[in-house]
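The structure under discussion appears below in the form of structure tokens.
Bear in mind these aren't lab numbers, they're just calculated from the coordinates by the rules spelled out. Since this is a predicted model, take the numbers as computed values, not measurements. All Cβ positions, glycine included, derive from the backbone under ideal geometry; neighbour counts span all protein chains shown.
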């Protein structure tokens with residue numbers, strides 16, 4: 001039996017490292033999907049300029065977007081994780097705004113968004129087997145600058161994959177409680193997208209912890 005495991009990360013760089021670990025552990029790239037906020041414009045499909053502060057390995061590619069090819073669209077263009085990341089593309093999701101996404105879950109959300117379905121990301125998560133309560137927190141987490149990674153794996157591999165995912169992921173119950181303590185209730189697809197400054201402040205709240 002195949003199951004879907006989803007985790008939220010506070011930024012794309014952290015999620016990318018986890019995806020690399022998943023691939024090294026034998027998870028096919030076709031079974032990995034990523035949806036990442038682009039509220040702070042870390043990814044642009046038509047820009048070749050790289051900020052030196054974002055290219056510490058000096059390979060000419062923004063470290064937060066390693067493997068992303070200029071002008072790519074959603075999907076897997078070549079083999080392996082590099083192929084998945086080369087398939088990164090921009091879509092707009094109601095209530096979240098612009099996101100950088102690739103893979104099977106992203107395709108489902110993109111179809112919903114293209115059809116004008118409010119809260120398309122919630123429908124995509126529900127189809128993947130995520131509970132309604134958790135789906136709202138995941139969607140809100142992406143809205144506030146986070147990155148969602150979803151993985152399809154055989155049930156017998158669940159423990160091994162969860163160990164990799166859980167090393168740097170957000171605690172969904174704790175993050176949901178933190179949101180609610182600040183007046184949030186559920187993800188609203190009619191809410192305005194976060195600005196770059198709002199995302200920065202949001203990340204600062206949780207920096208150094210897993211809430």
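The stretch between residue 24 and residue 41 holds 3.2 nm of extra length on full extension. This uses 0.36 nm per residue minus the Cα-Cα distance.
Taking other Cβ atoms within 10 Å as a rough exposure proxy, 36, 191 sort from fewest to most as 191, 36. Cβ crowding within 10 Å, taken as a proxy for footprinting-reagent exposure, orders 197, 31 from fewest neighbours to most as 197, 31. Each residue in 186, 2 was given a count of other beta-carbon atoms within 10 angstrom of its own, and listing them fewest first yields 2, 186.
Rounded to 0.05, the FRET efficiency of the residue 200 and residue 168 pair, given R0 = 22 Å and the Cβ-Cβ distance, is 0.70. If you take the Cα centroid of the range 6-32 and the Cα centroid of the range 168-211, the two points sit 21 Å apart.
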